[in-house]
1. What lysines sit close enough to K63 to cross-link, taking a C-alpha to C-alpha distance under 18 Å and skipping anything fewer than 8 places away on the same chain?
2. Compute the orientation-averaged projected area for the chain from the convex hull of its Cα atoms and round it to one decimal in nm².
3. In segment 95-146, carbon and sulfur make up what percent of the accessible area (probe 1.4 Å)?
4. Can you pull out the trypsin sites (Lys or Arg not before Pro) in segment 76-156 whose DSSP state is coil and whose Cβ has at most 15 other Cβ atoms within 10 Å?
5. Name the shape class, rounded, prolate or oblate, that the alpha-carbon gyration tensor gives for segment 25-88, where a ≥ b ≥ c are the square roots of its eigenvalues, rounded holds for a/c under 1.5, and otherwise prolate holds if a/b is larger than b/c and oblate otherwise.
6. Could you tell me what fraction of 2.2 N^0.38 Å the Cα radius of gyration of segment 62-101 comes to, as a two-decimal ratio?
7. Report the local net charge at Q91: Lys and Arg +1, Asp and Glu -1, summed over other residues whose C-beta lies under 15 Å from its C-beta.
8. What per residue convex hull volume, in Å³, comes out for segment 148-188 when only alpha-carbon positions are used?
Amino acid sequence: MPEASEIWMQLEPRSISAVGPSLDLDCPLPQSLSGALAHQAEVYFAARNHDVVLDLAPTGTGKTLAGLSTLLHAPNKNAAYIAPTNALIGQQVEAAKYFVERAKLPHVVLAATAADVRRWPGPSRPGEKLYNVLANPATLFPEIGAGRPVLLVTNPDIFYYATFFSYANLDRVNVAQSFLASFGTVIF
């Protein structure tokens with residue numbers, strides 16, 4: 001028992017269980033989700049039939065994996081992962097690369113902060129680079145090969161600028177259209 005001056009709280013790990021008989025699965029989980037927690041499996045299965053899925057599991061319980069699992073439903077389409085801060089983008093890129101490799105998905109995982117986009121090869125305008133990478137990542141990164149879908153890990157600012165026509169005059173329509181039309185999956 002804690003002393004009077006200590007703060008003590010019981011966390012709830014028992015509320016997040018591994019997939020078991022309580023989850024009514026009409027088909028098995030893919031191998032890349034073996035060992036998934038119940039909320040991760042629920043997100044994967046819910047994403048088959050719903051356009052919007054919310055995972056309200058606590059911090060540190062694998063919501064990243066749950067979100068990435070939805071890529072399995074659109075394995076050949078571009079996807080966006082919107083990380084809340086630039087500081088988390090690197091972490092999410094590593095998690096996404098690991099998942100893409102484990103799931104044998106064709107996606108090219110790219111970090112897309114403003115600084116990252118400026119460092120990408122190609123034209124000088126960031127909007128043009130974003131448009132090109134979504135149209136065909138091999139345009140800017142020939143070493144990855146043509147025709148591969150992109151998993152763009154970015155921040156809310158870039159997503160906002162793109163979808164609200166806020167890039168430079170020459171790029172705003174192309175970028176907005178590519179952001180609004182080319183993603184099979186958007187994970188927030």
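The values are calculated or read from the model by the stated rules, or taken from the named source; none is laboratory data. Please read all numbers here as calculations on a predicted model, not as lab measurements. Using ideal geometry, Cβ is built from the backbone for each residue, glycine included, and neighbour counts are taken over all protein chains shown. Quick note on the areas: whole protein, heavy atoms, side chains included, nothing else; ligands and nucleic acids left out. Shrake-Rupley method; radii C 1.70, N 1.55, O 1.52, S 1.80 Å.
1. K97
2. Result: a mean projected hull area of 13.8 nm².
3. Here it works out to 53 percent.
4. Here the trypsin sites (Lys or Arg not before Pro) that fit, given the DSSP loop and packing criteria, are K77, K104.
5. Cα axes put segment 25-88 in the oblate bin.
6. So segment 62-101 has a normalised radius of gyration of 1.13.
7. 0
8. Per-residue hull volume (Cα only) is 75 Å³.
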